[in-house]
Amino acid sequence: MSIKKLPDNVIKLIAAGEVIDSFTAVVRELVENSLDAKASRIVISLYPESWSLQVADNGEGMEEEDLLMAIQPHTTSKITSTDDLTKIHTLGFRGEALHSIAQLADLNITSRVKDSCGWEMITHQTQVIKCYPKAIAVGTIIHVSNLFGNIPLRRQVNPEFKKQLKSISILISELALCHPLVTWQLFVDDKLIFHISGNNNLTKIFPQLLKTVKYSDLEERDITLNTPYENNLSSLKLVLGMPDRVSRPRNDWVKIGVNGRVVKCPELESPIYSTFHRTLPRDRYPLIFIHLQTSPRQIDWNRHPAKAEIYLDNVDFWQETIKENIEQIFKLTDNNLSTKFENKRVEKIFKVAENKAIYNVDNLPQEIEENQDNLGLINLQVIAQARNTYIVAEHSEGIWLIEQHIAHERILYENLKNQWQIVNLENPIILNKLLPKQVENLGNLTLDIDCFGEDLWAIRSIPSALLNRADCLDALIELSWGGDIDSAQVSIACRTAIRNGTKLTIKQMQNIVNDWKMTKNPHTCPHGRPIYLSLEESSLYRFFRRHWVLGKSHGIETPKESKK
Ligand code: ADP
Ligand code: MG
């Protein structure tokens, strides 16, 4: 589509212009243009000393007349009328960025469209100095030099380059997640800073961005949805670090992408925090990226001039969808078993060669009837107890060790959350020597407490889970030291769960396992500790090097060997 000047009525409707105030802002505008031009390879080169930078892409490119038009104010190929404002499928649409950059720097743009001649254009303060044919590959290279040369103050207030490099890296990481087909390279003074290879697989992009995250720690979902509005097809892509394996020391990786760009949308973050509630250790945060793609009509980009915040229609629908999908990932179903074989061919041969060795839970004595509400949950058969602490259970693809105390704690915690009940006591429990703060804390938990004499307090109602427990008094003292109802529930669950070191029968353990696998968050206890260790067949066969023998005998090289 060719570049045209926007009519005045459209210009009036578009919120505040582009803010080109830093290196980062220039990079953002240029790479967004590359993405709009459907580039699959984008190379960014920064030269901070000389205030110059370059973005090269293999996108659709521009014809000569478009090239000349592109740096004029309010010129764009992406929309033409007010009507189009509700149908925006591109990242840009205001037609201002190249013009603003051309005002603030000298530009050298070379570009070529398929089956046409390439052009090079040189500009100084929006004036075209030269424009002539140039032999280049299809795509566009925009070289920006002498940035802010005519506004020395803007150079002075620009954040130091180290900070800018950080924000540019975050920007590229976020765009890489929203556009997983694209391969990126970032150079500073011709030194490669990072490379992200896009292969349309989000779980494979994450480990390239965060060295501490492993492919097998992540779960991905890609869902196409029939939205209840506009009769419209939308999609939701979701990648998250499983809470028993990944967490962040800072809250820096809860990211929401909407139609191609990471944005701030607190309304969509809240269902994430509520589903991750009490699954991670204290002061740790989730790693999650959600990308929703929906009708442009549902999104108002004019909440922020840099399009960093949006208003989204039908928020309830998206909140529910996000919540449901995270909950689904947390479920212990057969589909969720992450048997991520890296060599598919070896996997196939392995399955053929070792068919008989496959775990066969159905042949084990079935002492306990499976719960009918299992809904596709994994069939875990308890076979033993180790050290009076670990429940050993087998399923069709491996062996799990489940720590009995915290599995039980998870069950009790969720039960308490679902039915938190304060019950009246026939005979009050008498506590003595409480500090005023302790009395206040117990009152805050809605327990009925009153003064019973000097230094004595009568507790007339308690959480039902503590009824008839020998350690009820200790539990009440513990609760009196503070915390909200949620922490009271955690502490009661911990106190009342079966201790490690307790001998259990197979039947008792199977009951625990059956209840535990029905919980909402079976992966971690409410303190964030992992509940089970899985020894999946896929890792066992790797450990015992069965793939090595099989691979050799079938003439397949493993990736490591081929590197040698
Ligand atoms: P907008 O992106 O809002 O349309 P810009 O000022 O950023 O406005 O760009 C103006 C126009 O220049 C775009 O509409 C597009 O047609 C063209 N353009 C800019 N960068 C590129 C690029 N890398 N590849 C192809 N076309 C581009
Ligand atoms: Mg643009």
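Would you check if there is a residue in region 123-130 being within 13 Å of ligand 2 (Cβ to nearest atom) and under 29 Å from Arg154 (Cβ atoms)? Steps first, answer last, please.
So the first thing to find is which residues in region 123-130 are within 13 Å of ligand 2 (Cβ to nearest atom), and the list is none.
Checked against the condition, which is being within 13 Å of ligand 2 (Cβ to nearest atom) and under 29 Å from Arg154 (Cβ atoms), region 123-130 yields no hits at all.
Can you name the residue in region 445-476 that is part of a helix (DSSP H, G or I) and among the small types (Gly, Ala, Ser) and, of all such residues, is surrounded by the fewest Cβ atoms within 10 Å (Cβ to Cβ)? Walk me through it before giving the result.
Initial filter on region 445-476 (part of a helix (DSSP H, G or I)): 464-466, 472-476.
Filter once more, keeping what is among the small types (Gly, Ala, Ser): 464-465, 475.
Values: Ser464: 14, Ala465: 21, Ala475: 19.
Selected residue: Ser464.
Suppose the filter is in contact with a Leu (Cβ under 8 Å, 6 or more places away or on another chain), surrounded by 21 or more Cβ atoms within 10 Å (Cβ to Cβ) and modelled with pLDDT of 95 or more; does Leu165 pass it? Working first, answer last.
Details: in contact with a Leu (Cβ under 8 Å, 6 or more places away or on another chain): yes; surrounded by 21 or more Cβ atoms within 10 Å (Cβ to Cβ): no; modelled with pLDDT of 95 or more: yes.
So Leu165 does not fit the description; no.
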| helices (runs of 4 or more DSSP H) completely within region 1-96 that count 3 or more residues being within 16 Å of ligand 2 (Cβ to nearest atom) and assigned by TED's automatic domain parsing to the domain that holds Asn150 | 23-36, 64-70
| request: Return yes or no: is Ala105 in the same structural domain as Val31 (by TED's automatic domain parsing), under 30 Å from Asp300 (Cα atoms) and open to solvent by less than 30 Å² (accessible area, probe 1.4 Å)? | output: no
| Quick check: anything in region 210-219 of a type in the set (A, V, I, L, M) and more than 23 Å from the chain's Cα centre (by Cα)? | no
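Restricting to region 288-325, count the residues that are under 17 Å from Asp222 (Cβ atoms), in contact with a Lys or Arg (Cβ under 9 Å, 6 or more places away or on another chain) and either part of a helix (DSSP H, G or I) or of a type outside the set (Val, Ile, Thr) (or both).
Filtering region 288-325 down to residues under 17 Å from Asp222 (Cβ atoms) leaves 288-294, 318, 321-322, 324-325.
Subsequent filtering for residues that are in contact with a Lys or Arg (Cβ under 9 Å, 6 or more places away or on another chain) retains 288-293, 325.
Right, trim to either part of a helix (DSSP H, G or I) or of a type outside the set (Val, Ile, Thr) (or both) and you get 289, 291-293, 325.
Of the residues in region 288-325, 5 are under 17 Å from Asp222 (Cβ atoms), in contact with a Lys or Arg (Cβ under 9 Å, 6 or more places away or on another chain) and either part of a helix (DSSP H, G or I) or of a type outside the set (Val, Ile, Thr) (or both).
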| request: Please enumerate the residues belonging to region 291-314 that are at pLDDT 80 or above and either touching a Gly at 6+ places or on another chain (Cβ under 6 Å) or open to solvent by 30 Å² or more (accessible area, probe 1.4 Å) (or both). | output: His291, Gln293, Arg297, Asp300, Ala308, Glu309, Tyr311, Asp313, Asn314
| note | (1) surrounded by fewer than 17 Cβ atoms within 10 Å (Cβ to Cβ); (2) closer than 14 Å to Leu171 by Cβ all hold for Glu65 apart from (2)
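Can you spot a residue in region 138-155 that is in a loop (DSSP other than H, G, I, E, B) and either within 16 Å of ligand 2 (Cβ to nearest atom) or over 17 Å from Trp51 (Cα atoms) (or both)? Full working, then the answer.
Our first condition is that a residue be in a loop (DSSP other than H, G, I, E, B); within region 138-155, this holds for 138, 146-151.
If we keep only those that are either within 16 Å of ligand 2 (Cβ to nearest atom) or over 17 Å from Trp51 (Cα atoms) (or both) as well, we get 138.
Yes, some residue in region 138-155 is in a loop (DSSP other than H, G, I, E, B) and either within 16 Å of ligand 2 (Cβ to nearest atom) or over 17 Å from Trp51 (Cα atoms) (or both).
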| query | Among the residues of region 228-245, which ones are open to solvent by 10 Å² or more (accessible area, probe 1.4 Å), out of contact with any His (no Cβ under 7 Å at 6 or more places or on another chain) and not aromatic (Phe, Trp, Tyr)? | reply | Pro228, Glu230, Asn231, Asn232, Leu233, Ser235, Arg245
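Would you mind stating whether Ser81 is under 30 Å from Pro7 (Cβ atoms), within 16 Å of ligand 1 (Cβ to nearest atom) and surrounded by fewer than 17 Cβ atoms within 10 Å (Cβ to Cβ)?
Here the answer is yes, as Ser81 does meet what is asked.
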| query | So which residues in region 387-436 are open to solvent by 60 Å² or more (accessible area, probe 1.4 Å), at pLDDT 95 or above and not in a strand (DSSP E or B), if there are any at all? | reply | Arg387
| note | The residue from Leu53, Leu98 that alone is more than 12 Å from ligand 1 (Cβ to nearest atom) and buried (at least 22 other Cβ atoms within 10 Å of the Cβ) is Leu53
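Are any residues in region 498-528 of a type in the set (S, T, N, Q) and either in a loop (DSSP other than H, G, I, E, B) or open to solvent by less than 80 Å² (accessible area, probe 1.4 Å) (or both), and if so, which ones? Spell out how you get there, then give the answer.
Filtering region 498-528 for residues of a type in the set (S, T, N, Q) gives 500, 502, 505, 508, 510-511, 514, 519, 521, 524.
Hits for region 498-528 are Asn500, Thr502, Thr505, Gln510, Asn511, Asn514, Thr519, Asn521, Thr524.
If you scan region 97-122, which residues turn out to be outside any strand (DSSP E or B) and either under 23 Å from Lys307 (Cβ atoms) or within 15 Å of ligand 2 (Cβ to nearest atom) (or both)?
Pass one, region 97-122, residues outside any strand (DSSP E or B): 97-105, 113-118.
Of everything in region 97-122, those that are outside any strand (DSSP E or B) and either under 23 Å from Lys307 (Cβ atoms) or within 15 Å of ligand 2 (Cβ to nearest atom) (or both) turn out to be Ala97, Leu98, His99, Ser100, Ile101, Ala102, Gln103, Leu104, Ala105.
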| How many of the residues in region 32-88 are under 22 Å from Asn200 (Cβ atoms) and either modelled with pLDDT under 95 or hydroxyl-bearing (Ser, Thr, Tyr) (or both)? | 2
| note | Picking from Lys214, Lys264, Lys191, the residue that is touching a strand residue (DSSP E or B) at 6+ places or on another chain (Cβ under 9 Å) and open to solvent by 40 Å² or more (accessible area, probe 1.4 Å) would be Lys264
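The values are calculated or read from the model by the stated rules, or taken from the named source; none is laboratory data. Computed from a prediction, not measured in an experiment: that's the story for all the values here. All Cβ positions, glycine included, derive from the backbone under ideal geometry; neighbour counts span all protein chains shown. Accessible surface is based on the protein model in full, side chains and every heavy atom, while ligands, DNA and RNA are left aside. Shrake-Rupley method; radii C 1.70, N 1.55, O 1.52, S 1.80 Å.
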